[in-house]
1. List the trypsin sites (Lys or Arg not before Pro) within the stretch 479-521 that fall in a DSSP loop (any state other than H, G, I, E or B) and whose Cβ has at most 15 other Cβ atoms within 10 Å.
2. What number do you get for the stretch 210-361 when its Cα radius of gyration is normalised by 2.2 N^0.38 Å, N = residues?
3. In nm², what is the average projected area of the convex hull enclosing the Cα atoms of the stretch 299-430?
4. For the peptides 554-560, 117-123, 429-435, what is the packing order when you average, over each peptide's residues, the other Cβ atoms within 10 Å and list the highest mean first?
5. Using mean Cβ contacts within 10 Å as the protection proxy, how do 204-212, 724-732 order, highest first?
6. Quick check: Cα centre of the stretch 265-296 to Cα centre of the stretch 644-681, how many Å?
7. Count charges around Glu226 for me, please; just the other residues with Cβ under 11 Å from its Cβ, Lys/Arg as +1, Asp/Glu as -1.
8. How much net charge surrounds Ser523 when only other residues with a Cβ under 10 Å from its Cβ are counted (Lys, Arg +1; Asp, Glu -1)?
Amino acid sequence: EALAWTSVAYEDEAVRARFSATSCIIGANGPYGDDDDDGGPISFSDFASACRSSSNGEEERGGDDDSRAYLTKVKRNRLPVLRRIFRPLLQDLFVFKVVNAVFGKLGMNDDRVALQRYFGEWCDGTLPTRVVVESNVVRSEGTWRPMVRWLQDLILSAYETSQLEHRKSGHDALKKHAKLDTLLKFCMDMEDLPKAFLLAVICMEAVSSASAQLEQKTYGEITQLECVRPWEDLLRKLRVCLLVTLRLGGDVSPILGGADPMTVSNISRPNIFSAYSWIARDELCLTHDCRLAMALEDACLSSSHAFHPSGVDGDGTQNVQTIFQSCVRFGGSPDSPAGLADDAHSPRPLLFYLKDQARFTTRLAANRALILAAMWGRSPRRLDLLKHAVSALQVVVDHIEVFSLATLVEIYQSRFRPVCRAMLFGFGEHELSEEAVSPLIDDQSWLLEFVAATKRILSMTIECMSRTPVAKSDDLFNSSGKIWPPLRECPVLDVLVKKLRTVQPSSVELHHTVIFAFEMTRSVDSLQLVVPSFSNLFLTGSIFSEMQPIASGSPEQRDLLDEAILDQAKSSTSPVVDNFSSCRSCELFGKSLGVDVKYVRTRYLIEMIRLGKDPSIDALLGASISSLDGAFFAEKIVEIVCTRHHATILSLKRTKNYRGILSLLDADASRWVKGEAAKYNPSQKNSNASTSLITTHSLVTRVQNMSESLDDSISEKVDALCLMSSTLLNAVQAQEQEAVMSV
């Protein structure tokens, strides 16, 4: 297994770079590589300068023996000396005793803590992995293994020393040496994971052999099983580290930035690495679809074949092959998902080996959202990433937990807010690259989708603040077995929770309203007139500060809504509109402003009529007339019909054959229509589209049927307009019929 991990790990350049930079490459000049320090002799002065007195307190038994000469504390200065001292352990002859002789002259033979540490530094810092493999792993059974033999002697000499000194403190110190406790800790801190696995195998072999002898000599007080077990546990943990590193291509800490190396020690400590983040990234290597990711979690959680690599099950030959298959045959990445496969021989996902984390769907969704949002930040043109991030956030909101709001705020603040600020105020604050983002904002299709996503994340934030997080159970992270890494809170999400400031609901609602208004009107000037604190919107601290709201019921507010409704009516191209789904966004915008939906629907129908789209809403008008604001609707229809009739009268005056029709109209009614038409402002006049007399007459007749619910003054006006439209329609039709007959 050690050879397989070494082979797989060093095939991938990206993964190899993740391991320690001190790893050597075999060169042509010898086992240490072709570099300046080729392992040749060094001068005595250089050697002496690398030594120091034992008075610095490094010795095992205290500071009463000043005869020891330790190597310098500066690692880079002692490595060349260690390289030469331990070099005999690469030979086939019994020259390994030279190593003990050198340390004996330095007075360090009985300081086994220092010797173990020096041995680990020599292997990790100077030996290429290939040398370790060739000299101590690939040799056949019974072949001389100098490293193993030297470690065995180190353990057995500790027993001999304890016997000579007749120590009465028991075998506590001897047990530590028998386990090679210092080397065990050293391997746990190694960054070069394949080499750590190799070194652990060598150490375990030495411990197994030496502890078997000690078990006999101490009559079972020190047992082989007790000494070997820590190394077996370490190898299983290293197996997990290698699996995660290789599966994710070395990108094992995408959120925390990779400041800490991937080691067994660091993973064992809380608040450094997140297994949820690993799994989330692996899920994204398979699919960006939130529903498919959650289906995968359910499948792995219920799988009877899933196992933990850190457990005994992971030692089985078949399971080891399954683990390697997940690393070698997998070609997906977050930027290019490989897709989910039902094939039983396909590489298993990371969740297959860490299935206990599948119970924490919300944590996994939050990490997926964070990763997708970060990917979108690097490729802002890819709105598919943003959509999938928002979809994952919906899971976080559906199951509110303590980190839900923090996750929403983090993604909004880091990804959405800067773009919104640039969208409304330009790039003067230099939060974003104008060259990269400005063309996207100018792209109406891109802008429409981004604004929709922004509305959604703000509405989710409002919803999240209105709900109470689910109480955490005390046994939430209890596991049925001994697994590693242990189940615990996600450090990525913990960091977000700790840095979260108090969010002001009113400020979030204001931002939501403004984005809604911008989507409807695309008018920054109109927003400036309506929003008192407009210049402070979308700043870094905006949602954490109280902001002056839009004055409810103000004329500016109503004008903004009316403009949005007019734009929606203009964009309607359907020949038949039989429901209000087309103005749903306007209804939501009106609701955010505190305006009744009845007004929005009434205004929408008015604008559709003003634009001459009466025929398309005929069925809708008939079905919804009772749910409209009747008085307001009739008043505005009177204005529109007066304008239409006045335009018709002017047109008839300019046509010689139709001038006689005007004599049929009531003079007072004609003057009144002319006066009403003159009242409308130019913008309203220009927005009235020309329509046929038949369409107008049908409209007036429909409004006349509402007369029972209207004031008398409005009813009289509607009746007068209905009479005029009937007269005009009949006269024009008669004139046209006469013209046809004359031909």
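1. Working: sites: Lys482, Arg488, Lys498, Lys499, Arg501; in loops: Lys482, Arg488, Arg501.
Answer in residue order: Lys482, Arg488, Arg501.
2. Expressed relative to 2.2 N^0.38 Å, the Cα Rg reads 1.21.
3. Working: hull surface 41.7 nm².
Across all orientations, the stretch 299-430 yields a mean hull projection of 10.4 nm².
4. Averaged packing, sorted descending, gives the order 117-123, 554-560, 429-435.
5. Output ranking for 204-212, 724-732: 204-212, 724-732.
6. Cα centroid to Cα centroid, the span is 74 Å.
7. Working: positive: Lys175, Lys179, Arg229; negative: Glu215, Glu221.
Local net charge: +1.
8. Numbers: positive: Arg522; negative: Asp525, Glu563, Asp567.
Spelling it out: positives minus negatives among the neighbours equals -2.
The values are calculated or read from the model by the stated rules, or taken from the named source; none is laboratory data. For clarity, every value in this text was computed on a predicted model and none was experimentally measured. Backbone-built Cβ (ideal geometry, glycine too); neighbour counts: all protein chains shown. For the accessible areas, the whole protein counts, side chains as well, though only heavy atoms, and no ligand, DNA or RNA atoms are used. Shrake-Rupley method; radii C 1.70, N 1.55, O 1.52, S 1.80 Å.
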